[in-house]
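The values are calculated or read from the model by the stated rules, or taken from the named source; none is laboratory data. This is a predicted model, so every value here is computed, not measured. Here the Cβ is made from the backbone with ideal geometry for all residues, glycine too, and neighbour counts use every protein chain on show. Areas reflect the complete protein model, heavy atoms only, side chains present, ligands, DNA and RNA absent. Shrake-Rupley method; radii C 1.70, N 1.55, O 1.52, S 1.80 Å.
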Amino acid sequence: MKASRRICCLLGLAWVCSVQAQGAEDIGRAQAAATQWLALSDGGQYAASWDQAAAVFQQSISKAKWEEALKAVRSPLGALKSRTMKSATWTKALPGAKGGPFLVVQYDSEFEHKAGAVETVTPMREADGSWKVSGYFIK
């Protein structure tokens, strides 16, 4: 009986370690998706940012409307001066959003014409396992 408990404990520990490793891998992929997507937006490549976004994002806004909206928001800010990740929080669901899981990533950002901005980027795991941005907000 003692041997079987040890085996169960070892199997449980191995499972926890594999879940943590998968979680760390997913965090890395989600953060990389957010970083790559932000680089497109920072470079004024608004159409490309729509192309690289999650399917739910693309279904919620047309490419032309996204380009117009992002240009209206980002252009007055000027060039990005700095961006530091503030937090990254897992959630399985977001209000009004389909799919998931999501990683809600917040950045403290400074732009040429706006200091103290907070950007929120929300990558999600797509059906094919890839991570793509499903939402972007800036205050």
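The alpha-carbon of Lys81 sits under 21 angstrom from the alpha-carbons of these lysines, leaving out residues fewer than 8 places away in its chain: Lys71, Lys114, Lys139. Taking all protein chains together, Glu119, Glu112, Glu67 sort by accessible area into Glu112, Glu67, Glu119, largest first [probe 1.4 Å]. Just check the stretch 86-131 against the gyration tensor rule for me: Cα atoms, a ≥ b ≥ c as the square roots of the eigenvalues, rounded for a/c under 1.5, and otherwise prolate or oblate depending on whether a/b exceeds b/c. Cα axes put the stretch 86-131 in the prolate bin.
Please list, by residue number, everything in the stretch 123-139 whose backbone N is under 17 Å from a paramagnetic label point 7 Å out along Cα→Cβ of Leu77. Taking a point 7 Å out along Cα→Cβ of Leu77, the residues of the stretch 123-139 whose backbone N falls under 17 Å are 123, 133-139.
Residue by residue, the stretch 45-50 carries 3J(HN,Hα) couplings of 8, 5, 5, 5, 5, 5 Hz when phi is fed to the Karplus relation 6.51 cos²θ - 1.76 cosθ + 1.60 (θ = phi - 60°); x denotes Gly or Pro. All Cα-Cα separations within the stretch 19-139 were binned at 10 Å from zero, giving a P(r) of 14, 46, 33, 7, 0, each value a whole percent of the pairs.
With contacts taken as Cα pairs under 8 Å and at least 6 residues apart, the stretch 47-139 reaches a relative contact order of 26 percent.
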